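The values are calculated or read from the model by the stated rules, or taken from the named source; none is laboratory data. The structure presented is a predicted model; accordingly, all values stated were derived computationally and were not measured. Glycine also receives a Cβ, built like all others from the backbone with ideal geometry; neighbour counts cover every protein chain displayed. Keep in mind that these areas ignore ligands, DNA and RNA; they rest on the heavy atoms of the full protein, side chains included. Shrake-Rupley method; radii C 1.70, N 1.55, O 1.52, S 1.80 Å.
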Amino acid sequence: MATSSAWKLDDHPKLPKGKTIALIVLDGWGESAPDEYNCIHNAPTPAMDALKHGAPDTWTLIKAHGTAVGLPSEDDMGNSEVGHNALGAGRIFAQGAKLCDLALASGKIFEGEGFKYVSESFDTHTLHLVGLLSDGGVHSRIDQLQLLIKGSAERGAKRIRVHILTDGRDVLDGSSVGFVETLEADLVKLRENGVDAQIASGGGRMYVTLDRYENDWEVVKRGWDAQVLGEAPHKFKNAVEAVKTLRKEPGANDQYLPPFVIVDDSGKAVGPIVDGDAVVTFNFRADRMVMHAKALEYEDFDKFDRVRFPKIRYAGMLQYDGELKLPNRYLVSPPEIDRTSGEYLTHNGVSTFACSETVKFGHVTFFWNGNRSGYFNEKLEEYVEIPSDSGISFNAQPKMKALEIGEKARDAILSGKFDQVRVNIPNSDMVGHTGDIEATVVACEAADLAVKMIFDAIEQVKGIYVVTADHGNAEDMVKRDKSGKPALDKEGNLQILTSHTLKPVPIAIGGPGLSKGVRFRKDLETPGLANVAATVMNLHGFVAPDDYEPTLIEVVE
């Protein structure tokens, strides 16, 4: 294939071309102190253990959260989408809240297809905004909501209803009152200027709407009843009164406030979502929006009785699930990622095999390639998707398709057809999300067996392996108090952690094809996932483009 000068990579002066490289991503495999809640430590993982306790120059830790993957702060945990973007792109692109900040500051958010779509309801119907009301910056921010309301009103929204979810988790308990007062003051000004703008419903984030990982659909149903049906056990004339009153109940806190609706003088709900309305969910973080988005968007939804399913124009602040394309419309597009490592390597004749099972197939293809579908060159690439188990929770079959992925990778390596064999092994993440510690241990063991299968194939062809992860999960399965000890709930029960973590992830290189003298550099202050692309390019015998994050390796004579 002809390579234009714009895509031509320089040869690496000290590293040869032509070695088969196995690039393995262990999804949700972080590094943490060993204890009974570290499933990776407690699982039999001899392949990965040998790397960690082997040559110190070829095993290290890299950052997989916060600014290292384009998120705004070090309190922002990484996720598979941004992780694979960074792994494949070799550069750090704005993601999540930062992406929304840029879109709001430039006004670009109001020019996109998502906003244009919802704005078609402005003349004759209501704009509903649903999300977490706080300045915590983990799931949403009140200043972004304020800008969204202001911009919508300036662009023709005549009737606005806000459905608030109080926080108390990412911010201090009790701060809800101040946030509601701030929002209400903004809405009063809008009403003075002729815009019918009100808070319509609310409730605490852990009790209303914002469940995740299909843990408790009743949480989503409580929100649906208040927001769509206008029904809730508590009715108030205004939201400040609602929050103040409900917080006085014994044991009450912001996270678990019961659902409420705001009613007019006749007792009628002021803002249920009805046919023709527009709905925007303004959380930028995905995990606690996916279930709610399914209820708003899926016609064949069966998780609870919605009673009625209004025909609405719905958009998320972002797309919350790239695999499910959920929601279908969104206000802020994913980052425009160009010149990914996969594209460069293909232009330079590197043949690639990529494989995972359904739940992560898009991550090792679509997200890896910069949010781009399809092949760069179908003559040089082959992507294989192994169907994931369906109809069961992942902890019911914790081995998932790890061995099948390992077998496909092994066969691809031994075929001699591919210069790079790239896989994602999902077990430690998908089973870790269930909170089932025993099953997660089994999942980690299965992932390690797949790794060993791939290593054995690399040994046979005298190739090179690179094994890393996209973010943490299975290495810490319990919530921690400020001292780092396992946290207990009010009843004294252990609080299981089902989310990703802020832990670093390992990266290791090796194999008989690895040139002597190759080792990880010691001079990079905080290397992260984006450094992996230049590293892999080097191992293929090329030098990465100048604007890529620097390689993790050096060659010592």
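Under 8 Å between Cβ atoms, which residue pairs at least 6 apart in sequence (or on different chains) link something in region 335-354 that is at pLDDT 95 or above with a partner that is among the charged types (D, E, K, R) and crowded, with 23+ Cβ neighbours inside 10 Å?
Qualifying pairs under 8 Å: Thr352/Arg422; Phe353/Arg422; Ala354/Arg422.
Among the residues of region 315-327, is any open to solvent by 40 Å² or more (accessible area, probe 1.4 Å), among the aromatic types (Phe, Trp, Tyr) and closer than 27 Å to Val69 by Cα?
no
Could you please find all residues in region 285-311 being under 21 Å from Ala200 (Cα atoms) and either assigned to a loop (DSSP other than H, G, I, E, B) or small (Gly, Ala, Ser) (or both)?
Matches in region 285-311: Arg288, Met289, Ala293, Ala295, Arg306, Val307, Arg308, Phe309, Pro310, Lys311.
Would you mind finding the one in Leu172, Leu147 that is open to solvent by 10 Å² or more (accessible area, probe 1.4 Å), at pLDDT below 95 and not charged (D, E, K, R)?
Leu172
Is one or more of the residues making up region 220-236 over 24 Å from Asp277 (Cα atoms) and polar (S, T, N, Q)?
Within region 220-236 (the criterion being over 24 Å from Asp277 (Cα atoms) and polar (S, T, N, Q)), the answer is no, since none of the residues qualifies.
Looking at Met430, Met400, can you tell me which residue is touching a Phe, Trp or Tyr at 6+ places or on another chain (Cβ under 9 Å), surrounded by 24 or more Cβ atoms within 10 Å (Cβ to Cβ) and on the phi > 0 side of the Ramachandran plot?
So the residue among Met430, Met400 that is touching a Phe, Trp or Tyr at 6+ places or on another chain (Cβ under 9 Å), surrounded by 24 or more Cβ atoms within 10 Å (Cβ to Cβ) and on the phi > 0 side of the Ramachandran plot is Met400.
For Leu129, indicate whether it is in a strand (DSSP E or B), more than 25 Å from Pro335 (Cβ to Cβ) and either at pLDDT 95 or above or open to solvent by 30 Å² or more (accessible area, probe 1.4 Å) (or both).
Against the criterion (in a strand (DSSP E or B), more than 25 Å from Pro335 (Cβ to Cβ) and either at pLDDT 95 or above or open to solvent by 30 Å² or more (accessible area, probe 1.4 Å) (or both)), Leu129 does not qualify.
How many residues does region 185-211 contain that are under 21 Å from Gln255 (Cβ atoms) and open to solvent by 20 Å² or more (accessible area, probe 1.4 Å)? Let's see the steps before the verdict.
Restricting attention to region 185-211, the residues satisfying the condition of being under 21 Å from Gln255 (Cβ atoms) are 199-211.
Checking which are open to solvent by 20 Å² or more (accessible area, probe 1.4 Å) leaves us with 206-207.
So the answer is 2.
Just to verify a result, which residue in region 22-71, among those that are open to solvent by less than 50 Å² (accessible area, probe 1.4 Å) and β-branched (Val, Ile, Thr), is nearest to Pro512 (Cα to Cα)?
So, considering only residues that are open to solvent by less than 50 Å² (accessible area, probe 1.4 Å) and β-branched (Val, Ile, Thr), the one nearest to Pro512 (Cα to Cα) is Thr58.
For region 365-386, how many residues meet the condition of being assigned to a loop (DSSP other than H, G, I, E, B) and either under 24 Å from Val82 (Cβ atoms) or out of contact with any strand residue (DSSP E or B) (no Cβ under 7 Å at 6 or more places or on another chain) (or both)?
Residues that pass the stated criteria total 12.
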